[in-house]
1. Can you work out which of the residues in the range 87-104 that are part of a helix (DSSP H, G or I) and touching a residue at least 60 places away in the same chain (Cβ under 8 Å) is farthest from G186 (Cα to Cα)?
2. Listed residues E288, E275; which is farther than 18 Å from E96 by Cβ, under 21 Å from the mean Cα position of the chain (by Cα), free of Cβ contacts under 8 Å to residues at least 24 places away in the same chain and assigned to a loop (DSSP other than H, G, I, E, B)?
3. Considering (1) of a type in the set (K, R); (2) in a helix (DSSP H, G or I); (3) within 23 Å of the chain's Cα centre (by Cα), say which one R10 fails and leave the rest.
4. Just a yes or no: is a residue in the range 44-56 surrounded by fewer than 22 Cβ atoms within 10 Å (Cβ to Cβ), in contact with a Leu (Cβ under 6 Å, 6 or more places away or on another chain) and among the small types (G, A, S)?
5. Failed condition for I110, given (1) aliphatic (A, V, I, L, M); (2) at pLDDT 95 or above; (3) within 30 Å of E275 (Cβ to Cβ); (4) surrounded by fewer than 20 Cβ atoms within 10 Å (Cβ to Cβ), with all others met?
6. Give all pairs with beta carbons closer than 9 Å in which a residue from the range 27-44 that is over 17 Å from A166 (Cα atoms) meets a residue that is assigned to a helix (DSSP H, G or I) and hydroxyl-bearing (S, T, Y); count only pairs at least 6 apart in sequence or on separate chains.
7. If a residue must be crowded, with 21+ Cβ neighbours inside 10 Å and without any contact (Cβ under 8 Å) to a residue 60 or more places away in the chain, how many such residues does the range 217-261 contain?
Amino acid sequence: MKYVLIGCGRIAANHLKAAVQNGLSIAAVCDIVPEKMEELLSKFGLEKDCSIGRYTDYKEMLSCEKPQIAAISTESGLHAQIALSCLEAGANVIIEKPMALSLEDADRIISSAEEKGLKVSVCHQNRFNMAVRELKRAVGEGRFGKLSHGAVCVRWNRGDNYYEQARWRGTWEQDGGCLMNQCIHGIDLLRWIMGGKVSEVCAFTRRQFHKNIEAEDVGVAVVKYENGAIATIEGTTNVYPRNLEETLYIFGQKGTVKLGGKSCNKIELWEFEDESVDEGEIKSLTEEVTDIYGNGHISLYKDMIEAIDSGRTPFVDAYAGRSALELVLAIYKSQKEKMMVKLPLEDFACTDMEGELWV
């Protein structure tokens, strides 16, 4: 399949690696900074491959290359408009998280894809982690009994230099804060693993240390599910002096599980009432990863290719991306309105937070 990549920044190497390892035909890359394209290609020994197009205008690239799959790894605020252009050009789309910064834009992507019969997959790649899959299976099999509560903690570090590297980071128009950028993977896992529909959210967010950004650098939320379970979300980029953890806890009447590691790639606690002797390997399951992004991009790309070939829905489709986005936006709305927010949200956007006063 003919593949193009739009955006050659921080996460782009994970996309190109996944494309190469899954045998996609790399037709072109695009970035407004030409040096970034060459730097990315050189990581894979492709800098001298003249058959790979280099573009600074993604619309020109789409018109000239007519790809079957287009991946988007630009700043978050551009995801929606680029995705809509890719769909209009007839390309299936892989979008880095978050898929958009407003529910209106997420719905436009979903409608366009369905109208044109194209696939959209959103990069919540940690769903493919072996530890996560085992946990999801245990919940699905009812091994927890009645779910009591869950918790996700993303305790990371981002210094001022991180935000200064790109002016869009931490802005409401192009990024959002730590919950939308760094913590949305854990938020997605919490919502997906616990199942059921979220009915209410109550949250507080703050900008404690990073005075050079608009959005939050710490947020805490309580989530209520329609099935009666509750959960907490804690996310921050304020941990000194380095990333500390990303952990996911699920507590039930008959089971307790804790996932940890750099990207919820390790089972740190696995206890069930119906535990069998065959579960020794599961209890010590660790998937080696080289960075906080994990290995899931490779599996997500493989799944997307298979979805296109077979005509089925991708494992992490646009509706999954919308669900994670909605929960973060509900947290933002709760902070803005200083009250509990009911779901589903009719509409909300990161830009609705502009002018929020931090106290």
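The values are calculated or read from the model by the stated rules, or taken from the named source; none is laboratory data. In this text the structure is predicted, and so the values were computed from the model without any measurement. Backbone-built Cβ (ideal geometry, glycine too); neighbour counts: all protein chains shown.
1. Taking the range 87-104 first, the residues part of a helix (DSSP H, G or I) are 87-88, 103-104.
Filter once more, so that each one left must be touching a residue at least 60 places away in the same chain (Cβ under 8 Å): 103-104.
On the way: L103: 19, E104: 23 Å.
Once the filter is applied, the top-ranked residue is E104.
2. Working: E275 fails: under 21 Å from the mean Cα position of the chain (by Cα).
On inspection, the qualifying residue turns out to be E288.
3. Result: R10 fails condition (2) only.
4. No, the range 44-56 contains no residue that is surrounded by fewer than 22 Cβ atoms within 10 Å (Cβ to Cβ), in contact with a Leu (Cβ under 6 Å, 6 or more places away or on another chain) and among the small types (G, A, S).
5. Tallying (1) aliphatic (A, V, I, L, M); (2) at pLDDT 95 or above; (3) within 30 Å of E275 (Cβ to Cβ); (4) surrounded by fewer than 20 Cβ atoms within 10 Å (Cβ to Cβ), I110 fails exactly one: (3).
6. C30/Y58
7. Looking only at that region, the number is 2.
Conditions (1) under 18 Å from L179 (Cα atoms); (2) modelled with pLDDT of 90 or more, marked per residue:
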| site | (1), (2) |
| --- | --- |
| K262 | yes, no |
| D278 | no, no |
| D317 | no, yes |
| E326 | yes, yes |
| K333 | yes, yes |
| K338 | yes, yes |
